[in-house]
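Accompanying notes for the structure given below.
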Amino acid sequence: MIRGIVKTSILLVFASLFLVGSVTAGINTILSGNTVFIGEEGLDISGALGGDTQIGWWAPGASISGSSPDSVIFVTNPKQFSLSPTEFGSHTGSWFHLDASGKANGTAFLVQDPYLDLTIEDTTIMVDVTNKWVPTGDEIGFSINTNLAQMASQRSSPALITIKVQAPGGGEFSSLVNAGGIPVPIVEIPVSTTPYNTNSIWDTGNRALYTTGTYSIWAECNVNRMNDNYNVMGKTISSKISLLNQDQNPLISASVPTTNPTIQMTITPSSKPTTAIPSIQTTQKTQQLTTVTTIMTTIPVPSATTPPSVPVPSQTKAAGFEATLAGAAIIMGLVLSLKKE
């Protein structure tokens, strides 16, 4: 019984190794008309050459039958073919295998520039939270958008894409624990459709594993070492995005320190206006000056035409002096009359 179990286990191990080996070999096998991507290496394109040893590319709009190819590559080893960015970066589109005379002899493969994009979704409320905040306790899923998904229909294995989740402290996760407590691997996810949704795989409420703070997140594809050879953001590696995991909405907490200084700055000038005091003082001074000026103009000021108010002796005759002179004249007249007689 025990020997039978052991034998069965051994067979299963060998079977799994065989399957892994066949998948690894299959993802680099290219047939006529398949799509290949800039950066891939170690491709077996022997099945796409039809026995020819060279391939050619014509610029868009050129006559394939009536002109020579604009670019020609001699294939020295069809089982170890590479698509370097230097040779194929500006030559995307259809490549043809050429006969001995250099004429197009059939389609070899289609060269594409890879693209890879990742977004974050709060699956609790079904909202895109890429580069945003999520309340601790919500569940998170990811959406992968890429043209690499067509590998699944053309090769014996889909594109394997890894999601990188970096904690606030710098460590990276190889899996994420969902709300059911089950770890979900995020390394070499087989992506066969686009967009590809992981659904809910991350329980942010698991405080024992996921501290509050900002997480850096991105995706990579290194199928046939394409990321090693063509590490360009947005192509074999997605743009880095972030997710803030915390209890309180940062917009609410940030409004407290922002509002208080604004209110203080508004109240302080209004309670002690810088222009009101000088304005009042100027008015008071103006009124005082006006009053003083008014008082001063009512005081008599001596002038050349106004006689002084202080009594000054004059030659005016005293009262009764004229009567005295008249009486004296009468007496003198009588005296003179008496002398004549």
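What net charge is computed for the residues neighbouring residue 164, neighbours being all others with C-beta under 10 Å from the C-beta of residue 164, Lys and Arg scored +1, Asp and Glu -1?
-1
Alpha carbon centre of the range 106-150 versus the range 56-96: separation in Å?
Each part reduced to its Cα centre gives a spacing of 31 Å.
Need one word for the range 28-112: rounded, prolate or oblate. Basis is the Cα gyration tensor (sqrt eigenvalues a ≥ b ≥ c); a/c below 1.5 gives rounded, then a/b vs b/c decides. Don't jump to the answer; show the numbers that get you there.
Values: a/c = 1.77, a/b = 1.27, b/c = 1.40.
Since a/c reaches 1.5 but b/c is at least a/b, the shape of the range 28-112 is classed as oblate.
How would you rank 207, 155, going from fewest to most other Cβ atoms within 10 Å of each one's own Cβ? Write down the numbers at each step before the final one.
Details: 207 11, 155 20.
Lowest count first: 207, 155.
Which value, in Å to one decimal place, does the Kirkwood hydrodynamic radius take for the range 173-256 when every pair of different Cα atoms is included?
Working: mean 1/r = 0.0656 Å⁻¹.
Its Kirkwood hydrodynamic radius stands at 15.2 Å.
Report Rg(Cα)/(2.2 N^0.38 Å) for the range 116-251, keeping two decimals.
1.04
Tell me, in nm to one decimal, what length is gained between residue 167 and residue 65 on full extension, where the rule is 0.36 nm per residue of separation less the Cα-Cα distance? Display every interim value, and only then the final one.
On the way: separation 102, 0.36 × 102 = 36.72 nm, distance 5.66 nm.
Net length gain for the segment: 31.1 nm.
Per-residue counts of other Cβ atoms within 10 Å, averaged by peptide: what ranking do you get for 43-52, 209-218, highest first?
Details: 43-52: 18.0, 209-218: 16.3.
Going by the mean number of other Cβ atoms within 10 Å, highest first, we get 43-52, 209-218.
Within the range 161-184, what residues put their amide N at less than 12 Å from the label point 7 Å along the Cα-to-Cβ vector of residue 117?
What the label zone holds, given the 12 Å backbone N cut-off, is no residue at all.
Report the FRET efficiency, 1/(1 + (r/R0)^6), for residue 184 and residue 246, where r is their Cβ-Cβ distance and R0 is 22 Å, rounded to 0.05. Kindly include the intermediate steps, with their values, before the conclusion.
Numbers: r = 23 Å, r/R0 = 1.03.
So the FRET efficiency works out to roughly 0.45.
Can you list the aspartates and glutamates whose alpha carbon sits under 19 Å from that of residue 235, skipping same-chain ones fewer than 8 residues off?
Those aspartates and glutamates meeting the cut-off are 40, 41, 87, 113, 117, 188, 220.
Given R₀ = 30 Å, what would the calculated FRET efficiency be for residue 41 paired with residue 99, taking r from the Cβ atoms and rounding to 0.05? Could the numbers behind the result be given before it?
Details: r = 26 Å, r/R0 = 0.88.
For R0 = 30 Å, the calculated efficiency reads 0.70.
List the extent of the Cα atoms of the range 159-208 along each of their three principal axes, largest first, rounded to whole Å.
33, 25, 15
Where does the range 72-138 land on Rg/Rh, using Cα atoms and the Kirkwood Rh? Don't jump to the answer; show the numbers that get you there.
Details: Rg = 22.0 Å, Rh = 16.2 Å.
Here Rg/Rh amounts to 1.35.
Kindly put 164, 240 in sequence by how many other C-beta atoms sit within 10 Å of each C-beta, fewest to most. Mind dumping the intermediate values first?
Working: 164 18, 240 14.
By the 10 Å Cβ count, ascending: 240, 164.
Cα to Cα, under 14 Å, and not fewer than 8 places away if on the same chain: which aspartates and glutamates meet these conditions relative to residue 103?
52, 70
Under 5 Å between amide hydrogens, which residues at least 5 positions from residue 35 or on another chain qualify, with H placed 1.01 Å from N in the peptide plane?
When sequence neighbours closer than 5 places are left aside, the close amide H contacts are 110.
Read the figures in this text as sums done on the coordinates, not as results from a lab. Fair warning: this is a prediction, and the values are worked out from it, not measured in the lab. Note: ideal-geometry Cβ built from the backbone for every residue, glycine included; neighbour counts use all protein chains shown.
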